[in-house]
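Worksheet: one structure, shown below.
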Protein chains: 2
Amino acid sequence: MTNRQRTSSPRRDGVTTIADVARMAGVSEATVSRAMRDFPQVRPVLRERVLAAAAELNYVADSNASRLASGKTRTIGVIAPQLTTWYVSQMSAGLEDVLHAAGNDLLVSALSTPARRQDLREGRARFRQRVDALVLVDVFVGRDWTPPPSEPPVIVVGEKLDSGYSLGIDDELGGFLATRHLLDLGHRRIGLVAGGAPESDFSPVSEFRTAGAARALRSYDLEPATIQNGLFTIEGGRAAASAILDMSAATRPTAIFSFSDEMAFGALHAIRERGLAVPGDISIVGFDDHTVSESVGLSTVRQPVRELGRRAAQRALLASSDEPFGNDHELLPIELIVRSSTASLHSI
Amino acid sequence: MTNRQRTSSPRRDGVTTIADVARMAGVSEATVSRAMRDFPQVRPVLRERVLAAAAELNYVADSNASRLASGKTRTIGVIAPQLTTWYVSQMSAGLEDVLHAAGNDLLVSALSTPARRQDLREGRARFRQRVDALVLVDVFVGRDWTPPPSEPPVIVVGEKLDSGYSLGIDDELGGFLATRHLLDLGHRRIGLVAGGAPESDFSPVSEFRTAGAARALRSYDLEPATIQNGLFTIEGGRAAASAILDMSAATRPTAIFSFSDEMAFGALHAIRERGLAVPGDISIVGFDDHTVSESVGLSTVRQPVRELGRRAAQRALLASSDEPFGNDHELLPIELIVRSSTASLHSI
DNA sequence: TACGTTGCAGAAAGCGTTTTCACAGATCCA
DNA sequence: TGGATCTGTGAAAACGCTTTCTGCAACGTA
């Protein structure tokens with residue numbers, strides 16, 4: 001009965017601590033700590049002994065204790081307006097792909113309410129000291145925003161930042177490609193279904209895609225026939241499309257460019273509800289290349305969302321180590337995918 | 001120059017600690033801790049002073065330190081085979097709904113590789129001492145599985161457990177409803193698109209839905225025309241449907257019951273690829289009521305996934321406090337939604 | 001007046017790691 | 001052969017909280 005010192009009253013039942021391993025391996029706690037983390041200065045013999053003991057006892061370092069001692073959480077946080085969109089779930093999967101492989105964890109948080117800025121502040125507060133880095137998906141901070149010091153480094157996805165690290169795609173180009181495709185097919189009255197928060201302006205992403213669309217239209221001396229806010233939701237897309245279909249026959253677009261596939265799905269619904277056919281009566285092109293877009297034959301602009309997530313995670317990992325981590329805006333390629341939802345105007 | 005004691009060298013720059021607040025409010029750290037957590041035994045005057053100081057200094061307790069001291073993480077973990085399915089992302093959203101409101105965090109992890117059991121063990125190990133409770137979504141542990149002690153309590157979604165807490169829907173009933181709907185429409189050759197891991201058996205969920213389908217068919221002295229494994233993915237659904245469509249005209253089903261809407265989307269694609277029409281040439285009913293199912297007019301069995309997530313979160317919260325937390329299997333209601341992908345056989 | 005109580009607040013002892021610091025022994029160089 | 005430089009290890013000091021324990025007043029109660 002010699003153990004009465006530290007082994008006396010563990011709070012949670014049989015959790016083994018570093019002390020147990022040290023005792024079993026006959027070394028100090030410090031050596032266990034070093035051996036477990038593959039530090040070079042521990043002799044192979046001892047390392048083996050420690051690892052064996054750890055395995056035997058099924059020991060895993062308490063992450064909270066190690067965080068407290070080291071200042072590293074091995075956790076990356078992701079903040080997004082909502083978790084249910086296809087875009088965000090793909091992104092999370094991409095993040096998880098690389099974080100898991102690197103032994104890091106993913107902490108997610110939604111900014112459900114509309115008061116974006118405030119929530120972001122709140123979101124960051126909740127994550128402060130909890131994560132090594134933060135990935136902001138689709139939460140638009142304003143390009144002049146600069147991450148405050150004494151807070152975890154931030155990776156912004158979907159918006160270009162003046163300073164700091166951001167990544168995304170060339171939205172202007174995407175808008176251009178989709179619109180030119182429609183123009184190439186002979187369409188001249190083109191309606192846009194853009195997106196943004198309910199009562200606020202369109203999101204920066206929308207602005208850029210709109211600009212791209214406008215550029216394409218300009219070469220024909222045209223303007224968008226109408227721009228509706230589809231809120232980047234299926235239901236919103238349906239409402240937006242309804243509004244477009246309600247236009248008088250003379251002005252009603254013959255083609256719709258929806259800034260997300262999900263909104264396009266809603267639009268498809270609205271179109272079918274009225275007994276109209278796609279692409280017979282109206283063409284529609286989306287954006288994203290949603291997983292089900294191929295199934296429903298939706299033409300779209302593909303963006304590599306999961307890959308975006310992977311890159312963001314790599315960057316976050318980099319930022320969380322103390323690597324020099326410069327300002328940059330990384331752009332991933334996009335691609336127009338033509339399926340059966342768009343057709344030549346003259347074939348009607 | 002009186003402060004040289006503990007204030008000397010903070011590791012991360014200007015992070016304010018409880019000591020700062022204590023000093024500013026002129027009380028002890030213990031009192032700050034108590035005041036911040038609304039403990040009753042601190043005088044209102046002091047509480048005010050503390051809260052004011054904390055606000056002034058923008059103080060937030062370091063969660064790792066408090067976890068270490070208290071043994072509570074205020075974090076719930078969720079483990080799922082993959083993050084990209086609609087089902088899982090809805091579930092996560094539901095979890096987040098209530099966790100966020102309760103001031104808890106959500107830690108997510110995917111079990112990407114096929115070796116389920118092993119991964120689960122690994123997943124749990126990674127989460128050990130990191131979360132107060134674990135939610136297992138769609139990872140099938142076997143109904144006789146019982147959570148090991150000295151690990152966080154587990155909530156299982158989608159599988160009924162003999163002991164422990166689980167919740168889900170009545171899958172057998174769901175299978176029955178979908179199949180009877182098809183039978184009511186006059187279909188007699190019905191193909192099933194079930195799901196499970198690539199090389200393994202069908203998942204328990206699939207087994208139950210199959211049983212329900214069999215029960216419905218039995219009243220007509222029938223059996224499923226075929227059962228294909230669609231892997232619960234869109235692509236898998238497409239392949240499964242292709243296999244079905246390749247059957248000889250005499251045996252080919254006139255209707256398909258797909259165990260998930262996503263697989264049904266894939267099936268729709270396969271059907272359209274062959275120039276066949278839905279529901280003209282073949283009827284199809286799905287399962288889930290995926291967000292885009294309404295848009296594409298897919299008949300389906302709706303299950304309240306997000307609500308399932310909310311319940312799971314509530315239960316996880318309960319389990320993480322030391323509430324008595326009995327064994328139970330909670331069932332949420334499901335509902336057949338008839339849209340335009342199913343039609344009477346005789347109308348063909 | 002003396003003696004429990006009770007209510008509040010501070011001191012201090014953890015919580016389980018990591019990391020600095022000190023140190024013994026081995027190795028090196030002149 | 002003596003000092004100087006390495007190497008590998010352990011002791012002990014953080015890390016920033018929570019919680020127990022202790023103690024001082026103020027309050028009945030006898």
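No lab work stands behind these numbers, since they all come straight from the coordinates. Remember, predicted model here, so these are calculated numbers, not experimental data. Note: ideal-geometry Cβ built from the backbone for every residue, glycine included; neighbour counts use all protein chains shown.
Of note:
- Principal axis box of the protein assembly as shown, alpha-carbon based, largest edge first, Å: 85, 67, 56
- Fraction of C-alpha pairs exceeding 22 angstrom in region B:143-253: 43 percent, rounded to a whole number.
- Inter-label distance, nm, simple model (7 Å from Cα along the C-beta direction), B:GLU235/A:LEU345: 3.9
- Inter-site label distance for B:THR251 and B:LYS72 at 7 Å from Cα along Cβ, in nm: 6.1
- Here the residues B:ASP201, A:ASP20, ranked from fewest to most Cβ neighbours within 10 Å of their Cβ, fall in the order B:ASP201, A:ASP20.
- Here is how far apart the A:ALA69 label points are across copies: 1.9 nm, shortest first, using a point 7 Å from Cα toward Cβ.
- The overall shape of region B:263-348, judged from the alpha-carbon gyration tensor, is prolate: a/c is not under 1.5, and a/b is greater than b/c.
- Fraction in percent of alpha-carbon pairs per bin - 5 Å, region A:63-102: 6, 20, 21, 17, 15, 12, 7, 1
- Largest mean-square fluctuation among B:ALA133, B:ALA53, B:ALA225, in a Gaussian network model of chain B whose springs join Cα atoms under 10 Å apart, belongs to B:ALA53.
- Remark: mean inter-chain Cβ contacts per residue of B:265-271 equal 3, using a 10 Å Cβ-Cβ cutoff to other protein chain atoms.
- Spacing of the modelled spin labels on A:ASP281 and A:LEU332, each 7 Å from Cα toward Cβ, amounts to 3.7 nm.
- Measuring nothing but how far apart in sequence close Cα pairs (under 8 Å, 6+ apart) lie, relative to its length, region B:186-237 scores a relative contact order of 49 percent.
- Sum of -39500 (n - 2.57) over DSSP H runs of 4+, divided by residues of chain B (222 nm, nearest 500): -12500 deg cm²/dmol
- Among beta bridges that DSSP assigns inside chain B, antiparallel share in %, nearest 5: 10
- Rounded to the nearest 20 debye, dipole of region A:150-288 from Cβ charges on Lys, Arg, Asp, Glu: 640
- Mean-square fluctuations from a GNM of chain A, with a 10 angstrom spring cutoff on Cα atoms, peak among A:MET263, A:MET91, A:MET24 at A:MET24.
- Among beta bridges from DSSP that stay inside the protein assembly as shown, the antiparallel ones total about 15%.
- For B:GLY326, the point set 7 Å out from Cα toward Cβ sits 6.5 nm from its twins in the other copies, listed from shortest up.
- Sorted fewest first by neighbouring Cβ atoms within 10 angstrom, A:GLU56, A:GLU330 come out as A:GLU56, A:GLU330.
- Relative contact order, whole percent, for chain A stands at 17, derived from Cα pairs under 8 Å and 6 or more residues apart.
- Springs join every pair of Cα atoms under 10 Å in this Gaussian network model of chain A, and among A:GLY236, A:GLY297, A:GLY191 the largest mean-square fluctuation is at A:GLY297.
- Inter-copy label distances for B:ALA101: 3.8 nm (label point placed 7 Å from Cα along Cα→Cβ; shortest first).
- Amide H contacts of B:VAL301: B:GLY286, B:PHE287, B:ASP288, B:ASP289, B:ILE337, each under 5 Å away and 5 or more positions distant or on a separate chain (H built 1.01 Å from N in the peptide plane; Pro and chain starts excluded).
- For B:GLU159, residues with placed amide H under 5 Å, excluding near neighbours: B:LEU167
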